Structures are given as C-alpha cells and as structure tokens.
Amino acid sequence: MNATGVDAIAFYVPQLYVSMDNLAQARGIPAEKLKRGLGLQKMAVPNIGEDAATFAANALLNLILQNNIDPNEIGRVYLGTESAVDGSKPTATYAVEIVEKELAKTYGNRSFKNCDILDMTFACVGAVDALHNSLDWVKQDANRKAVVIASDLSKYDINSTGEYTQGAGAVAVLVSHNPTILAINNTWGVASKSEGDFFKPRRTYKKAELLKSVLTELNIEASKEAIDTFIKSTSSGFWSDSNEVVEVFKEEPVFDGQFSNACYADRITEALEHFDTQKKTDFVNNWKQIVFHLPYAYHGRRIIFDNWLNWIKETPLYHTLIEDIGKPEDTDVKTWTKAAYKSKLYSDFIAENIAAGELASSEIGNMYTASIFMSLLSYLSESLNTSKEISGNTIGFIGYGSGSKSKVFEGVVQPKWDSKIKGIKLFEYLENRTSIEVDTYEKIHCSKLDKPVLEGSKIALNYVEKEDTNYGLRRYKVNE
C-alpha cells in the first residue's frame, strides 16, 4: 500500500505576545535566566474572544485555503486539545462549524456533513493520539483524507514557576496517501503509566461555606439557618442551583515541575525502548532530526541527554567524548555529567539534530498538544530558509503527555516537501506580531477585559447564549 503521512500543514498563533525581557523585569528575575537558560524569547497571548476553538478554526481554514483542499473530501477532523471549551460538545465541532460557514460560498453548504469530528484528550500528547488514530484510518482506503488539529492555550497562575512558559495557538495537518511533506512509518513506541504530575481537577466548594466566607469578609453576621434559608429562597441563578457544592474549572493546572520532568524522562525512555524492540534503530545516526513536545524551547535537548549518552556508549563517539572531558571515574558523576552536557560533541548534536525545531517555541511558548507539530513546522521552515537539503531524512518524533504517556514514531521527508512550506512564512508571521505590556497581559489572564486589545482577529467569540435551553452555547463570528 502507498505511504501515508502529512501532505499539508498550517498554523495559527495569536497576534499578541509579551517579551521575556518585560516579563522578567516585572517578576524581578534576570531575563537571561529565561532566554539563555530555557530558550524563551516571547510568550504568545490570546486576544479577548480567542480560545481553543478559534485557534483550531483559524488553523483549519488556513490549511484548506493555502492548499486548495476540498472540504467535501475530508472524512474526519480529529482535534487534540486539553483546553476544551465544553465538557461534552467537542471543541472540534465549534471549529468545523465556523469554517464550514466561511467556505459555504465556495464549496456549498455543510461541506463537512459526512465528516467524523472528534476531540481527543491526553494532556499534551492528545494530538499525537489523533494523528496515530487518523493514520490507521486513512491506511484502510486509498481515497481517505483526514485533518488532525492540535489546539491549546497554556495557562499557569501568575507568579508561578510555569508562568514564563505559557503559549497558545494551533497547528493543522492533512493526512493522506502519497504525502508531499512527510511519510510516517508504521512503527510506534508507546509507554503509559498513571501519574499525577500535571492535571486539571474539578474543584468543588461548599456553597454555604462559600457564602459564609463572603459575608465574613464583608463583616456581616449570618447564622447557618439564615444562610440556608437564603440559598433555598433566592432567585439568583448562581445561589439557587440545587447542588450543594459549586464546581469550578480552571485552565491553570495542579503540577509538580520536577516530578513532571522525571515522568517525561521515564516515559520517553520506555517508549524509545519499545520502538527499538520493534525496529532496531541507531537513533544518533538514523534520525537526522528529533522533534519533541516542548514545554519550553530547550526542554528537548535537556530531556534527551541521558538517552543520548546511552546511545553513544558502545560507539566511537563515546571515546571522542572521553578524550574531550575525561573518564567518568576520574571525577564525581554529577561533575562529569555536567561536562558531558556542555561538551562540543553534545553541542554539535543539538545544533545538527535539535535546534531548528526549537526556534518557533522560543517565539511562542508552550502550545501543549500543538508544540510537537509546531516543532516540526519550525524545522521545516528553518530548513527552507537556510536552503538545507533534507529530502529523504528520517525525523524522530518524541511526544509526551502528563498523566502520563509517551509516543515515539518516525517519518521520512518527501522530495517536494518545500512546495508545501514556502508559502507558510512562519518566522515572518511571528516577527510581525504585536507586543503588549505585562499589565495588559495580566488583565487578559485574569479576565478583566471585555474588549479585544487588538482589533482584527479573523475568528472570535461573538457571544454566549443565555436562554435556558441553550445556556452556555458559544457563538462565533468571522471578521472580514
């Protein structure tokens, strides 16, 4: 059967960003710690009215328009996200509805009528799951085409250790037979283990206790009986709800950074081993580029280091490393490992096999599910801009999602890959966004603004329904 893989790719990143220089100054830390230490330059910030649905819709619309794709030929749209706008109705349905209406004049009404639409959620690896699933589906019929979208908003508490890594946006790819960009091989390494390194729990508060705390802060005394009577008799839509607890959802996660790094390292090592048992692979020499899920730009180069050391152990490269920094037994393990990480040999490996995929992440921040796809686009765009010949190169992909799971796979760059990349102009777009002050970002973060900071977002939330039968249903608009 013909090869299957990525035939086209498109993206959307919000127009607003905060520079790390400004954020570091506001937080009282050295900017170089974020820039040189983590590779962070800018942090993408969604405009008012933007969310995972608008990001996804923009990326899907760009994919179709930039590549002249007939939506009637698309059999499924699978969205990977952990920033869903609804607990039941898939975010993908909102995105497809927006795009379907926008394309009606060209492709007719309901051009996605016979399309399978679905959200897939597993933290940051959900869109890789969507890709894995869609590839299997496409392989069954030579006429099948699928779109995989990764769309997310990375949001942490202000002043938390994760704040600097925030980002937002979406990437969409067309999966088909005889792909123009990347043929994806059949071998997949998988490793799963239930962990609590990062999650978004359903938080609950006793309604009576919540009301009592409000009254106490206002220095108003009220007995338990008075509070209970108020809750039972009030006409307030909030307080009169029959549930005794208030359920609160927050985009900001509960997380343990060091533990999450350990889980990431463990899962990818297990997934790499699983991949290798199925297809014996010389990862150092066979993979000409490694594309990672990037919680921050330099995370991949850090998290893969121990694996790299193991990969070169039985090769001449290890002897080169010893000649450069000495034997491990000549000093303590920590000092030697640090020297190995800073060695010319590993620096060259980063430059040749990792760095090109980090460039966009430095300018955007963590895109959760979309970060691994953006890393691919970053690599392809940089290769195009530097006229690097990459046709025939094998790319290794290392995905991770907290909770926790890793998936490892590989793809081969196709001969005409550049024909689908030259019109995207990723870095030109990122260079021409609008910088906002930290104060403005904080107001957006805390939902203190009602109007867009910058007019001109093509797709945005219009309003949220308030009637009983459709309360909370989101309505979007496309600005011409």
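The values are calculated or read from the model by the stated rules, or taken from the named source; none is laboratory data. Computed from a predicted model, the values in this text were never measured in an experiment. For neighbour counting, all protein chains shown are included, and Cβ atoms are generated from backbone atoms with ideal geometry for every residue, glycine included.
Per the conditions (1) assigned to a helix (DSSP H, G or I); (2) over 15 Å from Glu50 (Cβ atoms); (3) out of contact with any Phe, Trp or Tyr (no Cβ under 9 Å at 6 or more places or on another chain), the sole criterion not satisfied by Lys443 is (2). Within the range 446-474, the set of residues being in a strand (DSSP E or B) and exposed (fewer than 13 other Cβ atoms within 10 Å of the Cβ) comprises Asn462, Tyr463, Val464. Of all the criteria given as (1) acidic (Asp, Glu); (2) buried (at least 17 other Cβ atoms within 10 Å of the Cβ); (3) in a helix (DSSP H, G or I), the one not satisfied by Glu50 is (3). For first residues located in the range 458-480 and hydroxyl-bearing (Ser, Thr, Tyr), partners that are assigned to a strand (DSSP E or B) and lie 6+ apart or on another chain with Cβ distances below 7 Å form the pairs Tyr463/Arg475; Tyr476/Ile459; Tyr476/Ala460; Tyr476/Leu461; Tyr476/Asn462.
One residue alone among Thr277, Thr281, Thr269 is part of a helix (DSSP H, G or I), surrounded by 13 or more Cβ atoms within 10 Å (Cβ to Cβ) and at pLDDT 95 or above, and that residue is Thr269. In the range 386-416, of all residues being under 24 Å from the mean Cα position of the chain (by Cα) and outside any strand (DSSP E or B), the one that is surrounded by the fewest Cβ atoms within 10 Å (Cβ to Cβ) corresponds to Gly403.
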